[in-house]
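Chemist: To start, I am sharing the structure in question, which I have written as structure tokens.
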Amino acid sequence: QVQLVESGGGLVQPGGSLRLSCAASGSIFSINTMGWYRQAPGKQRESVAFISNYGTTNYAGSAKGRFTISRDNAKNTVYLQMNSLKPEDTAVYFCCLSQKGEVYWGQGTQVTVSS
């Protein structure tokens, strides 16, 4: 079993920055992909960014140029640095880990961008 715990969400003004963290624990295999999804009120969950254990990254169009995903394999932790935040980035952000055909999810952390 795998547990994911997110942190770092909160309220920020437009143009501000936040850094989300997600720590994984349990049965973690060395080959895996970690990433972030988000879900805004009344909308479907959408992908934000992913990073493999090799460091290969992939971003959704809305995140490119503003968000940076990184990870610390020794700590089984993934980060999402979010800059130039916009009101439309307001959502619950979920961390996920994919390994050996299984996907695990965190409980989510709220990000609110508002003046």
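Chemist: Residue under question is Thr33, and the condition is that it be surrounded by fewer than 20 Cβ atoms within 10 Å (Cβ to Cβ), within 20 Å of Val2 (Cα to Cα) and under 13 Å from the mean Cα position of the chain (by Cα); does it hold?
Modeler: Here the answer is yes, as Thr33 does meet what is asked.
Chemist: Within region 39-53, does at least one residue satisfy the condition of being farther than 18 Å from Tyr104 by Cβ and of a type in the set (Phe, Trp, Tyr)? Working first, answer last.
Modeler: As a first pass, look at region 39-53 and keep what is farther than 18 Å from Tyr104 by Cβ: 40-44, 46.
Adding the requirement that they be of a type in the set (Phe, Trp, Tyr) leaves none.
The answer is no, given that none of the residues of region 39-53 is farther than 18 Å from Tyr104 by Cβ and of a type in the set (Phe, Trp, Tyr).
Chemist: When the residues of region 2-29 are filtered to those that are of a type in the set (S, T, N, Q), touching a residue at least 40 places away in the same chain (Cβ under 8 Å) and not in a strand (DSSP E or B), which remaining residue is most open to solvent (accessible area, probe 1.4 Å)?
Modeler: Gln13
Chemist: Would you be able to say whether some residue in region 91-103 is assigned to a loop (DSSP other than H, G, I, E, B) and either farther than 18 Å from Ser21 by Cα or touching an Asp or Glu at 6+ places or on another chain (Cβ under 8 Å) (or both)?
Modeler: Yes: one or more hits.
Chemist: Tell me which residues, restricted to region 43-61, are more than 16 Å from Asn32 (Cβ to Cβ) and open to solvent by 50 Å² or more (accessible area, probe 1.4 Å).
Modeler: Lys43, Gln44, Arg45, Glu46, Tyr59, Gly61
Chemist: Something else now. In region 38-72, which residues are farther than 15 Å from Phe94 by Cα and basic (Lys, Arg)?
Modeler: Of everything in region 38-72, those that are farther than 15 Å from Phe94 by Cα and basic (Lys, Arg) turn out to be Lys64, Arg66, Arg71.
The values are calculated or read from the model by the stated rules, or taken from the named source; none is laboratory data. Small disclaimer: the values here were computed from a predicted structure and weren't measured. Reconstructed Cβ throughout: ideal geometry from the backbone, glycine too, with neighbour counts over all protein chains shown. In case anyone asks, the SASA skips ligands and DNA or RNA and just uses the protein heavy atoms, side chains included. Shrake-Rupley method; radii C 1.70, N 1.55, O 1.52, S 1.80 Å.
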